1. Per the Kirkwood definition applied to all pairs of different Cα atoms, how many angstroms is the hydrodynamic radius of segment C:2-63?
2. Please figure out what share of the DSSP beta bridges in the protein assembly as shown is antiparallel and state it in percent, rounded to the nearest 5.
3. Kindly give the distances from C:D19 to its copy-mates, label point to label point, with each label point 7 Å from Cα along Cα→Cβ, as nm values to one decimal ordered shortest first.
4. In Å², and per residue, what accessible area does segment B:83-333 have when probed at 1.4 Å with the other protein chains present?
5. So for chain D: antiparallel DSSP bridges make up what percent, rounded to the nearest 5?
6. Can you list residues whose amide H is under 5 Å from C:L206's amide H, if they're 5+ apart or on another chain and H is modeled 1.01 Å from N?
7. Just by accessible area at a 1.4 angstrom probe, what is the order of C:I30, C:I171 from largest to smallest?
8. Average partner chain C-beta neighbours within 10 Å, per residue of A:45-55?
Number of protein chains: 4
Amino acid sequence: MIIVFKPQAQKKDIQRVLDKVEKLGLQTHISQGENTLVVGLVGDTTRVDPKRIEVEESVERIMKVSEPYKLANRAFHPEDSVIDVSGVKVGSKELTLIAGPCSVESKEQLLEVAHRVKESGANLLRGGAYKPRTSPYSFQGMGSSALDLLVKAKEETGLPIVSELMSEKHIEEFNDKVDLVQIGARNMQNFDLLKEVGERIKKPVLLKRGLSNTYEEWLMSAEYIMAHGNPNVILCERGIRTFETYTRNTLDLQAIPVLKRLTHLPIIIDPSHAGGKWWLVEPMAKASVVAGCDGLMIEVHNDPESALCDGPQSLKPDRYDDLIKKIRKLEKAL
Amino acid sequence: MIIVFKPQAQKKDIQRVLDKVEKLGLQTHISQGENTLVVGLVGDTTRVDPKRIEVEESVERIMKVSEPYKLANRAFHPEDSVIDVSGVKVGSKELTLIAGPCSVESKEQLLEVAHRVKESGANLLRGGAYKPRTSPYSFQGMGSSALDLLVKAKEETGLPIVSELMSEKHIEEFNDKVDLVQIGARNMQNFDLLKEVGERIKKPVLLKRGLSNTYEEWLMSAEYIMAHGNPNVILCERGIRTFETYTRNTLDLQAIPVLKRLTHLPIIIDPSHAGGKWWLVEPMAKASVVAGCDGLMIEVHNDPESALCDGPQSLKPDRYDDLIKKIRKLEKAL
Amino acid sequence: MIIVFKPQAQKKDIQRVLDKVEKLGLQTHISQGENTLVVGLVGDTTRVDPKRIEVEESVERIMKVSEPYKLANRAFHPEDSVIDVSGVKVGSKELTLIAGPCSVESKEQLLEVAHRVKESGANLLRGGAYKPRTSPYSFQGMGSSALDLLVKAKEETGLPIVSELMSEKHIEEFNDKVDLVQIGARNMQNFDLLKEVGERIKKPVLLKRGLSNTYEEWLMSAEYIMAHGNPNVILCERGIRTFETYTRNTLDLQAIPVLKRLTHLPIIIDPSHAGGKWWLVEPMAKASVVAGCDGLMIEVHNDPESALCDGPQSLKPDRYDDLIKKIRKLEKAL
Amino acid sequence: MIIVFKPQAQKKDIQRVLDKVEKLGLQTHISQGENTLVVGLVGDTTRVDPKRIEVEESVERIMKVSEPYKLANRAFHPEDSVIDVSGVKVGSKELTLIAGPCSVESKEQLLEVAHRVKESGANLLRGGAYKPRTSPYSFQGMGSSALDLLVKAKEETGLPIVSELMSEKHIEEFNDKVDLVQIGARNMQNFDLLKEVGERIKKPVLLKRGLSNTYEEWLMSAEYIMAHGNPNVILCERGIRTFETYTRNTLDLQAIPVLKRLTHLPIIIDPSHAGGKWWLVEPMAKASVVAGCDGLMIEVHNDPESALCDGPQSLKPDRYDDLIKKIRKLEKAL
């Protein structure tokens, strides 16, 4: 962290700031320019809130030099992390393929989809039990019974299960039944949930990017989970909010190489939510794979026209099968 | 809601959609143009998820005509709602003035600020007990003991208390100690918390706008709380995220007249978080008042340079006093 | 400007960067931390493109300390600039009131509006001759004949004229007929036009903010005009593009106090284009005045229902008159 | 286009609107619901400005059904357009590879880069002669002499030339020397330039997307050029402005499949400007190709450390060569 003082800063005010910084456990390196005094801070700056220094009248601005996250930082953990989800190695050379319906609607629906995506090569089954819906009048998910159906589908297909946790009151249930616990985009900065997940969830966590959160904020949310005890975090880009309204969100594929540089955690892409239209899934899934993602999370429904949630962005099983075949060819070419 | 069919849509596919719509309890009005079939849906469309119709291949697009919220909608409740916060009438002709420190840090700090803002004319005292912080390494608030200090400050000054609820596990405590329960920007779409607040919080709720949420999404979150049993919702604009980084966020004052048209709920402005700089508070507070807001929420700290949180945006008590005097003059001119 | 080197940077690579910087005419101040070498650059950094240093492999990042604009910078010109527009002093204590139709449509329309806004207290008359329209099939303005009608209206009312210049081919015509030359939002970074305006326009310039441009980019565009010879620049905020679509754009009133701090140039607010709805104009105009703007630019039309352009955001003359009366009361209270 | 009237709309006001619409040459189809009157407009609605109807007090809202562009619309031109750029068929099965330095800096630089990218397989040479720079103090390009160097490079390598036109005063020069005339992102809504380019430029045009422009606005700008006489428009996505600041812009690859659906015009991706960092170019270029783009525009410099412009995002010739080899493999796999 670097402090730039105002040209007119008084000696005693500068000293006051330096004393404050030293109380926070940091050393200072002073560089006196013609008009400007610049002070570099040395030590563990992740624990220093820059606003506590910025507030001083003598300070012109504060600039961060190092990232404010540590556990998620590739600088301190150069090798890629491989996260084991009940035997599926996320972040390894093999692509992780998560597929399944947006929400679990019935035993028939779920089992049919589960069998079909398994045949196509998926290695994890997704299905929403508790659904975050913008309207209180929309279908809110089947809840607990959906988790039981997912367990049943896992028994039949062998596919480990991914589902979204929306409240700490379901933590026990998720620890029992779910293999990969998803934190949705709208809860990315629900810090109390992140702490609980860090402390109490015994399974790996899939952390979706918030709709308007920066890479740094996203990694800080991963850091919350990790600092509270759960090191097994997988990141998932699912589109960000921009001015463009033709698509549901704008998929940010630059996130893949950027995160590979900033962090050692695996990164999964969800092209279904990003575009909100099924015909965008194939080109964006292929693009994600060649850009270097560790996996894909794709919504598949046996009858999208009857889906209770997000039908327009769901692939039919045949189309999913076709997509995976195309992706296998690309993988060979890489 | 209006359905526009594709020019090439087949009769049987159109019929299938009309049947689906009628099963959802709506009537249809058909308008056949030269190339395009347009169907208007009549009935309670708030309970219909447009995606369930948009998913049909024969459908070109769906257009909403009426707003998807009802309880929060001014169309069904033309008079302004006045919300009683332990005697303070929010939404009445008198401006609601919420003031206090970002976070409670000590008894001395809180009592000093409380007395000072009371003298200046504030009618509600704010103070953070549980703090949503981007970094797990930043000060997270004093927690429960902060609420006790707030109760103490209320006893001394008579000012009812506003504090942010971040987790359902604190609901009882908030019901006991807090007069106005704040839901922060990052939890605006934490739907499980909204439901719990609707069902179990016995006090009015201050619902902040999410950093990148539209007016409609914001009102849908109010609708969640109301539909789950708590009609006493106050809205709070605190700046939205844009491309501009000089300020912390961009304060959207158009929200005031827009919300006055869309909803009967009161609207409060928080200029402290929007700009992130204390010198932006005065001009934006004055602007908010003449634009027609029902109140202001402003951070005041007796010693911003030592604040553990958000010092740069906090006013000193003298500046707050001066601001309120200026606002009183404006009120007279209106 | 400050250079932060990578921890692993080699001595010879660092030297190479220092040599490059010195060739650009700057002095260097070196500060060696435990792991990080930080170098402050002293001298006129406005002429140094930071990317030319950022490109070096040994460099971790570049941080700007001082603003990249000089002529527009308040630091070098502490007093407010007052710009004389044919006798109207923009930036003085008196509020500048620009009013008139979006586009000039006929002699009758223009003269009626001109007389009405003059009676209400407007001191400058706006009217579009050349119109920037998203669609090539929309009305593109009356062109040159509109300027003649504006001159006629000026003769009758004494109000100096404001109109938008879209192409360098009209520069002579604008120098002859127009008192304040507007550069529209979509041309804010049309750098060739800015240069021409700086060199050849003999009248003051009203520079609108681009739809997604930062304060700094906006001031850099003002700097273009000033550096090319025309120091008389007035800034105009007219709303920025965000994710919210209910309003045409989001009006950023924080721009007023921020620009007052960064620059000495006057700032005008255009609430008509920002919201796109006539009923947003009054509350936002009042808010702008108490936030400290130097003037207002408001669209007024005698018959908005027949307007060829932007009818929904135009005030009728009676409403404009009423608004100005309210603003006069606010001015007294300030 | 569909008009939804307010529930309380009076008969005479409705009639007034219907008369207005019919005067604009459109037919009306009336659909009377329980509370709401909905009127569909039939005819060529591209020439109707929706605001002219929205302005009426009796109107609740206007909804567009068909796109406002025609010449660029795939609905009226189902086959892909193939644009001939001096023999290079853009939009055909063969990928268009545009490469070269951000700005032309010297004969040696340009010729070296030109020969190298030609060897790697590029089929068009880019080079900036006139440069749009945020700061008036940055290098503004070599101007006319750069165009002469580009012609020289074309003679030596056979590669047709791409360069950015910033002002109508250079139109003759560009018609003489340049094969593909680029309109930059900041001029995407410089409507006077678009008209001139449509009327007077005899070569194909590469139209970059504005930093915060929607797909529809972009296609409307293409429509400007086409409606003014030049049908040979190629679109170029180069990143949009979002809240994320780690990258220069956010590359929107969903643009590829979306535009393939909306328009018949070819689409090129520029990953260099989008990310602003050379190491983002390879993954994004590969992603673009598998997502279905018609070509890539990539900045290549023989000595990025000495580049006068955009060095950090430039590839060295060896890296470009390596990238093209990888892309060839992907093409085979598709």
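The values are calculated or read from the model by the stated rules, or taken from the named source; none is laboratory data. Just so it is clear, the structure is predicted and the values come from calculations on it, not from any experiment. Methodologically, a virtual Cβ is constructed for each residue, glycine included, from the backbone with ideal geometry; neighbour enumeration extends over all protein chains shown. All accessible areas refer to the heavy atoms of the entire protein, side chains included, with ligands and DNA or RNA removed. Shrake-Rupley method; radii C 1.70, N 1.55, O 1.52, S 1.80 Å.
1. Kirkwood radius, segment C:2-63: 11.5 Å.
2. Here the antiparallel bridges make up roughly 40 percent for the protein assembly as shown.
3. Computed spacing set for this position: 4.7, 8.1, 8.2 nm.
4. 27 Å²
5. So the antiparallel bridges amount to about 40 percent of the total.
6. The list, which skips near neighbours in sequence, is C:V181, C:Q182, C:I183, C:I234.
7. C:I30, C:I171
8. Across A:45-55, the average partner-chain Cβ count within 10 Å equals 6.
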